[in-house]
Amino acid sequence: MSKKRVAVLISGRGSNMTALIEAAKADDYPVEIALVVSNRPEAPGLARARREGIATAIVDHQEFGEDREGFEHALDDALHKHRIDFVCLAGFMRLLSPWFVQRWSGKMLNIHPALLPQFKGLHTHRRALQAGVNRHGATVHFVVPEMDAGPIVEQESLAVRQDDTEETLAARVLEIEHRIYPRALRALAEGRASIASSGEDGNTH
Ligand code: GRF
């Protein structure tokens, strides 16, 4: 079976992108990372992707000002130009409109550094420590119009330690992220994960 063509969307360092690139080097991995897109021209992850010989594109949201539709059309055009099957958001710091999300419905994953539905949004590690939770972790989920609310594909947790700081917790959660994202993408590419079969309402049955 031919490999699925995947685009990874980043805004920053791209360690999850790197985990996906490394996973895709295995012959039996059902995915080829065909494109890395950043909305920030200076994102460090771009250089890494180029070093790996992966096509990159910059769709700079600042060039579009208030024109979110224009930004998302440019993004969508880049994905189609590269014949992308699936999209992985990996530290992509732009909210996507319902128009874009519907277009890629069931084909777009995101990684979130918390055990959803707990701690949607930003500063998850700080909030987990403040809340005093015993367990924390990371989640890969389908992207739906509501932020961090889509059906869960993979999730893994860890025990929060007494002496954890935001930084130590983030570092351990990141190790989980790098494990579960390749696993979730494999499940999607092999047809073992879908919005419809998740048992939750993903808006797009
Ligand atoms: C990760 O913690 C991810 O869960 C969150 O943003 C961070 C991105 O890190 N959405 P990286 O760019 O993949 O290293």
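No value in this document is a laboratory result; all are computed from the given coordinates. Predicted, not measured: the structure shown is a model, and the values here were computed from it. Glycine also receives a Cβ, built like all others from the backbone with ideal geometry; neighbour counts cover every protein chain displayed.
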**Simple spin-label estimate for residue 81 and residue 47 in nanometres, 7 Å along Cα-Cβ** = 2.4 nm
**Fill in**
Calculated from DSSP helices alone, with each H run of at least 4 adding -39500 (n - 2.57) and the total divided by the residues of the chain, [θ]222 nm to the nearest 500 comes to -10500 deg cm²/dmol
**Prompt:** Three principal axis extents, largest first, for the C-alpha atoms of the stretch 1-104, in Å?
**Reply:** 43, 28, 19
**Prompt:** How about residue 120: which aspartates and glutamates have a C-alpha closer than 14 Å to its C-alpha, ignoring those fewer than 8 places off in the same chain?
**Reply:** 146, 148
**Fill in**
With R₀ set to 45 angstrom, the calculated FRET efficiency between the beta-carbons of residue 22 and residue 146, to the nearest 0.05, is 0.90
**Message:** List the residues, sorted by chain then number, that are 5 or more residues from residue 9 or on another chain and whose placed amide H is less than 5 Å from its amide H.
**Reply:** 37, 88, 89, 90
**Request:** Quick one: order 29, 181 by neighbouring beta-carbon count within 10 Å, fewest to most.
**Result:** 29, 181
**Prompt:** By how many nm would the segment from residue 165 to residue 67 grow when fully extended, if each residue of separation counts as 0.36 nm and the alpha-carbon distance is taken off?
**Reply:** 31.4 nm
**Asked** Mean 1/r over all different Cα pairs, inverted: what Kirkwood radius does the chain give, in Å?
**Response** 17.3 Å
**Asked** Remind me, relative contact order of the chain in percent, using alpha carbon pairs under 8 angstrom and six or more residues apart?
**Response** 19 percent
**Request:** Specify the inter-centroid distance of the stretch 41-69 and the stretch 126-180, based on alpha-carbon positions, in whole Å.
**Result:** 26 Å
**Request:** Please arrange 101, 140 by counting, for each residue, the other beta carbons lying within 10 Å of its beta carbon, fewest first.
**Result:** 101, 140
**Request:** Please list, or write none, the aspartates and glutamates whose alpha carbon is within less than 20 Å of the alpha carbon of residue 3, excluding same-chain residues fewer than 8 places away.
**Result:** 22, 27, 28, 32, 52, 85, 190
**Item:** Percent of beta bridges antiparallel (DSSP, the chain, rounded to nearest 5)
**Value:** 40 percent
